[in-house]
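Enquirer: What follows is a single structure, and I will ask about it in a moment.
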Amino acid sequence: MVESEPPSKNKQDCDVKDERVVNGCGSKDLELANLATLKDLNKIPVDVEKGPSDKADFERAIELTGYGKFHYILLAVCGFVSTSEEMDVISMSFILPSAQCDLNLSTQSKGWLNSIIFIGMMAGAYVWGSVADALGRKKVLIAISFMNALCIVASSFSQNYELFMLFRFLNGAALGGSGPVIWSYFAEFQPKSKRGSMLSFMAAFWTLGNLFVAGLAWLVIPTGIGFYYESFTYNSWRIFLLICAIPSLIVAILLFFLPESPKFLLSRGRCEEAIVIFKHIYSTNTGREKEDYPVKQLILDEAFEQQLIDTKTPLKGKYKNMISDIIENSKLLFVTPILKFTVISITINFTFHIGYYGLMMWFPELFNRFDEFAVKHPNQSASVCEVTSFVTEHGSQQDGSICSDEIGSSVFLESLITVASAIPSNIIAVLFMDLLGRKFFLVFSTVTSGLCAASMYFVYNKLHNLVVSAVFSSVISCGNAALDCLITEIFPTNLRATGVAVSMVAARLGGIIGNLVIANLLDKYCPAPTFIVAALLIGGGLLCLFLPNTTREPLS
């Protein structure tokens, strides 16, 4: 029996029952004592793997809450966070052709506009992820969402290139924390049997964001609505940006009604609060009374052993403790055995997102160039490079040409088809992620999307370009879901948000380089970008074979 064991300096029993328990922490007036770890599970007389018990580890505790209404509400809100994040990132790809006259954009400046949000995300990802591991997931997500909405609104009012760049950077700094924190938060509510499929389901909300932003751009940007004054212009693409800020504001409000991650609370030794949340989840899912929840004691992982923060600690001491935690978590990512996971996850995210954002954010621009070529040369075949050469030498991108921000409706339709093609692959990922595994989907996705990137050099008309773009969007989407699952699961709870954040920094760096490489090479040496992207996608994806299998495994 756990209660009968002699006291140990490294263990503490977290009991939330009303009666006093030897060395327990159930009542607020009890002092810290011994923590029962997972090594003690075999000493408990009740089999926690087969039936209800008043003692359970996290995995058993979350299983006993059932799976139902609470988890679906959680999926809707967290998925909406991912939707708003993807909308804000991809929205720039639809703005570029429309804003090129307002902001006097060249191909290179378009590349920097696409990249600046990733530079901001690099700065924000590490900071927000580290703070989330120190202060909690929910608080950080709310702050990020409000900041994100404000920055988008401010950018829509910007009248020059420099000010627009500044607010896009700040927008990226907010978005940088959204990815690592929301994935950690959502995963920490999932039992191991459901985690892969539900993480894949949440990844599908990225596709929803792509669809929504493409459809919204189609409805708003070509209309020409807006306000035009001598020194101030608020035209249709700015109104489109303003509408894109609404989802971030909505999710900030919705997050107030969700609880903190119980896994995070356990990692901080806050057992009573975790039990209260487990009871709430149980009651919401089953419709029964909270007191019917069978678990009364939580058995914590050894990794969670630490002294509880005294509620009377001065505010200055809490901030000092938070900074200390951030520094310590960062160090732990780069020592064995976590070092291997960190290096591989950084490399995969870097190469994957060079391809993902490097091509996805340029598809509308390429569609627009094909459309411009087709107007001047109807029924004439031409490759991507030939179309690019025409646009830069004789079309809208030539030096001294009259700027035109008109975009044909076919460009928006082709963009919508491209992002919609990801829906079937997202459904497949949801259904089979836990059956086939994360590594299968990631390798299949990176190899196939790499081949698609290389084949773009060989397309010779708008239809070919659309087909290859759609296939690329489809396969890379399910790979994105697998990558998010894998990276979220390989790090332990006390380092998860920080570890995912560091990986996201690499992902944003990939987005920056991908956009700048395409912007600088597309007009000057056209064949290079597609083959560079292909090699990086395939090579990076195969690295996942060196990571441990996390499919249906408990969160560490």
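Enquirer: Grab the Cα-Cα distance for Lys296 and Tyr234, subtract it from 0.36 nm times how many residues apart they are, and report the gain in nm with one decimal. Please report the intermediate quantities before stating the final value.
Expert: Values: separation 62, 0.36 × 62 = 22.32 nm, distance 5.85 nm.
Fully extending the segment from Lys296 to Tyr234 adds 16.5 nm.
Enquirer: Continuing with the same structure: Per residue, how much accessible area does segment 405-556 have with a 1.4 Å probe, in Å²?
Expert: Details: 5270 Å² over 152 residues.
Accessible area per residue, segment 405-556: 35 Å².
Enquirer: Can you list the HN-Hα couplings for segment 192-208, worked out from phi with the Karplus curve (6.51, -1.76, 1.60; θ = phi - 60°), rounded to whole Hz and with x for Gly and Pro?
Expert: Calculated HN-Hα couplings, in order: 4, 6, 10, 4, x, 5, 6, 5, 5, 4, 5, 4, 5, 5, 5, 4, 4 Hz.
Enquirer: Using Cα pairs under 8 angstrom and six or more residues apart, how large is the relative contact order of segment 466-556, in percent?
Expert: Details: 27 pairs, mean separation 35.8, N = 91.
Once divided by the residue count of segment 466-556, the mean separation gives 39 percent.
Enquirer: Same structure, new question: Counting only the heavy atoms of the protein chains, how much of Val387 is accessible to a 1.4 Å probe, in Å² to the nearest 10?
Expert: Roll a 1.4 Å probe over it and Val387 shows about 0 Å².
Enquirer: Which of the chymotrypsin sites (Phe, Trp or Tyr not before Pro) across segment 213-304 are loop residues per DSSP, with 10 or fewer other Cβ within 10 Å?
Expert: On the way: sites: Trp218, Phe227, Tyr228, Tyr229, Phe232, Tyr234, Trp237, Phe240, Phe256, Phe257, Phe264, Phe278, Tyr282, Phe304; in loops: Tyr229, Phe232, Phe256, Phe257.
Listed in order of number, the matching sites are Tyr229, Phe232, Phe256, Phe257.
Enquirer: Rounded if a/c is under 1.5, else prolate if a/b is larger than b/c, else oblate: which is segment 162-242, with a ≥ b ≥ c the root eigenvalues of its Cα gyration tensor? Walk me through the numbers before you get to the answer.
Expert: Numbers: a/c = 5.58, a/b = 2.07, b/c = 2.70.
Oblate, because a/c is 1.5 or more while a/b does not exceed b/c.
Enquirer: Then there is this: Give a residue-ordered list of calculated ³J(HN,Hα) values for segment 450-464 (Karplus: 6.51 cos²θ - 1.76 cosθ + 1.60, θ = phi - 60°; whole Hz; x for Gly, Pro).
Expert: x, 5, 5, 4, 5, 6, 4, 5, 9, 6, 10, 7, 4, 5, 4
The values are calculated or read from the model by the stated rules, or taken from the named source; none is laboratory data. Predicted model only: the values in this text are computed from it and were never measured. Backbone-built Cβ (ideal geometry, glycine too); neighbour counts: all protein chains shown. Just the protein is used for accessible areas: all its heavy atoms, side chains included, with ligands, DNA and RNA removed. Shrake-Rupley method; radii C 1.70, N 1.55, O 1.52, S 1.80 Å.
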